[in-house]
Amino acid sequence: MKNLDSILAAYLAGWAIFFVYYISVAQRMNALHKQIEQLKSSLSRGK
Amino acid sequence: MIKTVFVAVILFTMIAFTAYLAFHYAPIEKTMGPIQKIFYLHLPSAFSSFIALGICFYANLRYVFSREAKWDWLAVSAAEVGLAFISVVLVTGPIWAHPVWGIWWTWDARLTLTFVLWLLYIAYLLLRSMLEEPDKRALFSALFGIFAFLDVPLVYFSIRWWRTQHPQPVILGGPGSGLDPRMRISYLLVWAAFTGLLILLLNGRYKLEAMRASVEELRREMEVR
């Protein structure tokens, strides 16, 4: 197939952007989840 | 969590099926040849970015009039997701252009306005990161977001209003435009799958923003004590 390298590059790059974005959202969610747990336990200790 | 995984599996199946349609069912375009297959990633990403930025615009307007935090969360979520879709457009466009036009990039109206759109929403997210106070951040970014959205119709109509290196529209393009029926069906199904992807990403990003607001609330509670 002519220009197969360009087609592959476009699809790989495009899906990489979606994948990296999805992972970044998941990582930020995990970090915030940990922060919420820490803050809640600090608040309950302070009661 | 199980619901999200289930939705993600259905979406992955849809995307795999539409990739099959794009590569095997849709015919090879006569002038450009197989490189035109990039169309099935480039165009749905562009339309999905318009939908995301439209949601952002609507949420910004709702925030300005209601001052309810949920609209601010939706606005920033849609802006970020829209930015991911525009990034795909800006990356796949030059890869498609190089073998067809002989150049990676040209500063014509469509390409330049799309690049400006990307910069505007980067600026929108930067503005948010610079403002500490939640109400001020939400209001200022809502006003900036309403202004930034003005570029979306300019991007859409640029190939209709001005002569551009970018091709004329094949979807809703008027007389003389259009797609082969098999290309049209493939495109519409790919777009449906991309709309599913948009909803999945937007849903995840909105939850993230709600969690961030909870963290800010808990921190304020800590400071008060």
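Taking the stated definitions as given, is B:Val89 within 14 Å of another protein chain (Cβ to nearest Cβ), touching a residue at least 60 places away in the same chain (Cβ under 8 Å) and either farther than 22 Å from B:Leu208 by Cα or not small (Gly, Ala, Ser) (or both)?
Details: within 14 Å of another protein chain (Cβ to nearest Cβ): yes; touching a residue at least 60 places away in the same chain (Cβ under 8 Å): no; either farther than 22 Å from B:Leu208 by Cα or not small (Gly, Ala, Ser) (or both): yes.
Criteria not met by B:Val89.
Condition check ((1) closer than 30 Å to A:Met29 by Cα; (2) touching a residue at least 60 places away in the same chain (Cβ under 8 Å)) across all residues:
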{"position": "B:Tyr20", "(1), (2)": "no, no"}
{"position": "B:Ala26", "(1), (2)": "no, yes"}
{"position": "B:Met32", "(1), (2)": "no, yes"}
{"position": "B:Ile35", "(1), (2)": "no, yes"}
{"position": "B:Tyr40", "(1), (2)": "no, yes"}
{"position": "B:Ser45", "(1), (2)": "yes, yes"}
{"position": "B:Phe50", "(1), (2)": "yes, yes"}
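Considering only segment A:11-44, how many residues are more than 16 Å from B:Gly93 (Cα to Cα), small (Gly, Ala, Ser) and facing chain B (nearest Cβ under 7 Å)?
Counting residues in segment A:11-44 that are more than 16 Å from B:Gly93 (Cα to Cα), small (Gly, Ala, Ser) and facing chain B (nearest Cβ under 7 Å) gives 1.
Would you mind telling me which numbered condition in (1) more than 16 Å from B:Leu198 (Cβ to Cβ); (2) surrounded by 14 or more Cβ atoms within 10 Å (Cβ to Cβ); (3) out of contact with any helix residue (DSSP H, G or I) (no Cβ under 7 Å at 6 or more places or on another chain) B:Trp105 fails?
(3)
Any idea which of A:Lys2, A:Lys47 is more than 8 Å from chain B (Cβ to nearest Cβ) and either modelled with pLDDT under 90 or crowded, with 17+ Cβ neighbours inside 10 Å (or both)?
Result of the check over A:Lys2, A:Lys47: A:Lys47.
Sort out which residues of segment B:98-116 are under 21 Å from B:Phe157 (Cβ atoms) and touching a residue at least 40 places away in the same chain (Cβ under 8 Å), and write them in order of number.
The answer is B:Thr106, B:Asp108, B:Ala109, B:Arg110, B:Leu111, B:Leu113, B:Thr114.
Just the residues that are closer than 30 Å to B:Pro99 by Cβ and more than 17 Å from the chain's Cα centre (by Cα), please, taken from segment A:1-45. Steps first, please.
Applying the first criterion (closer than 30 Å to B:Pro99 by Cβ) to segment A:1-45 yields A:1-22.
Correct list: A:Met1, A:Lys2, A:Asn3, A:Leu4, A:Asp5, A:Ser6, A:Ile7, A:Leu8, A:Ala9, A:Ala10, A:Tyr11, A:Leu12.
Of the conditions (1) under 15 Å from the mean Cα position of the chain (by Cα); (2) under 20 Å from B:Leu41 (Cα atoms); (3) of a type outside the set (Asp, Glu), B:Pro99 satisfies every one except a single condition; which number is it?
Condition (1) is where B:Pro99 drops out.
Quick one: B:Glu221 ticks every box in (1) within 26 Å of A:Ile17 (Cα to Cα); (2) modelled with pLDDT under 90; (3) of a type outside the set (Lys, Arg) except a single one, so which number is it?
Checking B:Glu221 against (1) within 26 Å of A:Ile17 (Cα to Cα); (2) modelled with pLDDT under 90; (3) of a type outside the set (Lys, Arg), the one that fails is (1).
Among the residues of segment B:122-152, which ones are acidic (Asp, Glu) and surrounded by 13 or more Cβ atoms within 10 Å (Cβ to Cβ)?
B:Asp151 - this is the single residue of segment B:122-152 that is acidic (Asp, Glu) and surrounded by 13 or more Cβ atoms within 10 Å (Cβ to Cβ).
What's the number of the only condition in (1) part of a helix (DSSP H, G or I); (2) facing another protein chain (nearest Cβ under 7 Å) that A:Leu8 fails to meet?
(2)
Tell me the residue from B:Pro169, B:Pro181, B:Pro175 that is modelled with pLDDT under 90 and surrounded by 14 or more Cβ atoms within 10 Å (Cβ to Cβ), please.
On inspection, the qualifying residue turns out to be B:Pro169.
For segment B:73-83, check the following and say yes or no: at least one residue is touching a helix residue (DSSP H, G or I) at 6+ places or on another chain (Cβ under 9 Å) and more than 14 Å from chain A (Cβ to nearest Cβ). I'd like the intermediate steps shown before the answer.
Let us first name the residues in segment B:73-83 that are touching a helix residue (DSSP H, G or I) at 6+ places or on another chain (Cβ under 9 Å), namely B:73-83.
Then keep just the ones that are more than 14 Å from chain A (Cβ to nearest Cβ); that gives B:74-75.
Checked against the condition, which is being touching a helix residue (DSSP H, G or I) at 6+ places or on another chain (Cβ under 9 Å) and more than 14 Å from chain A (Cβ to nearest Cβ), segment B:73-83 yields at least one hit.
The values are calculated or read from the model by the stated rules, or taken from the named source; none is laboratory data. These figures come from a predicted structure and were not determined experimentally. Note that we place each Cβ from the backbone using ideal geometry, even for glycine, and neighbour counts take in every protein chain shown.
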